[in-house]
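Asks: Dropping the structure in here first, questions after.
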Amino acid sequence: MNDNKKIPDSLEIMRKFSEVYAQRTGTFFCIDLSVTSVVIEGLAKHKDEYGLPLCPCRHYEDKVKEVSSAYWNCPCVPMRERKECHCMLFLKSSNEFASQGQQISFANIIKDIE
Ligand code: SF4
């Protein structure tokens, strides 16, 4: 068993979620995949710490309270209602920073966050 198993598990869960959710919503990852990696890492950290993937691109006074209110749990309400992701994880094809990709490898994420 891997001693660091917990973090890679969450990273893998959020990586897979991001790919599937991009495909489901017809959105795309950023042309700079390091942006994608850092957001996925942030989501995974919040999932480890608070049990749910609270959006990593915002400041919160009280993260526990925010998680329970659910508004900013990924996919957040603005994303679900209007496909608005201010983290640039899920971009509409019309966004100038959108790639045509909806996939990112685990190895790619590790490379970007190490
Ligand atoms: Fe997820 Fe919303 Fe944050 Fe984008 S802005 S990463 S959809 S919580």
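The values are calculated or read from the model by the stated rules, or taken from the named source; none is laboratory data. Predicted model, so just to flag it, every value in this text is computed and none were measured. Using ideal geometry, Cβ is built from the backbone for each residue, glycine included, and neighbour counts are taken over all protein chains shown. Side chains are part of the model used for accessible areas, which takes the heavy atoms of the whole protein and leaves out ligands, DNA and RNA. Shrake-Rupley method; radii C 1.70, N 1.55, O 1.52, S 1.80 Å.
Asks: Filter the range 84-95 for residues that are open to solvent by 70 Å² or more (accessible area, probe 1.4 Å) and within 14 Å of the chain's Cα centre (by Cα); which is nearest to ASP9 (Cα to Cα)?
Replies: Checked the range 84-95; the qualifying residue nearest to ASP9 (Cα to Cα) is HIS86.
Asks: Condition test on CYS74, is it within 10 Å of the ligand (Cβ to nearest atom) and either open to solvent by less than 30 Å² (accessible area, probe 1.4 Å) or farther than 22 Å from GLU114 by Cα (or both)?
Replies: Judged against the criteria, CYS74 is a match.
Asks: For the range 96-114, enumerate the residues that are over 24 Å from SER10 (Cβ atoms), open to solvent by 50 Å² or more (accessible area, probe 1.4 Å) and in contact (Cβ under 8 Å) with a residue 40 or more places away in the chain.
Replies: PHE97, GLN100
Asks: Condition first: farther than 10 Å from PHE90 by Cβ and among the β-branched types (Val, Ile, Thr). Now tell me which residues in the range 11-45 satisfy that.
Replies: ILE13, VAL20, ILE31, VAL35, VAL38, ILE40
Asks: In addition: Within the range 32-51, restricting attention to residues that are assigned to a helix (DSSP H, G or I) and among the small types (Gly, Ala, Ser), which residue is farthest from PHE17 (Cα to Cα)?
Replies: Within the range 32-51, the match that is farthest from PHE17 (Cα to Cα) is SER34.
Asks: Among the residues of the range 56-64, is there at least one that is open to solvent by less than 50 Å² (accessible area, probe 1.4 Å), under 18 Å from GLU19 (Cβ atoms) and either near the ligand (Cβ under 9 Å from one of its atoms) or modelled with pLDDT under 95 (or both)?
Replies: There is at least one residue in the range 56-64 that is open to solvent by less than 50 Å² (accessible area, probe 1.4 Å), under 18 Å from GLU19 (Cβ atoms) and either near the ligand (Cβ under 9 Å from one of its atoms) or modelled with pLDDT under 95 (or both).
Asks: Would you pick out the residues in the range 60-78 that are assigned to a helix (DSSP H, G or I) and free of Cβ contacts under 8 Å to residues at least 12 places away in the same chain?
Replies: LYS65, SER68, SER69, VAL77, PRO78, listed by residue number.
Asks: Right, something else. Determine whether THR25 is open to solvent by 10 Å² or more (accessible area, probe 1.4 Å) and within 11 Å of the ligand (Cβ to nearest atom).
Replies: Judged against the criteria, THR25 is a match.
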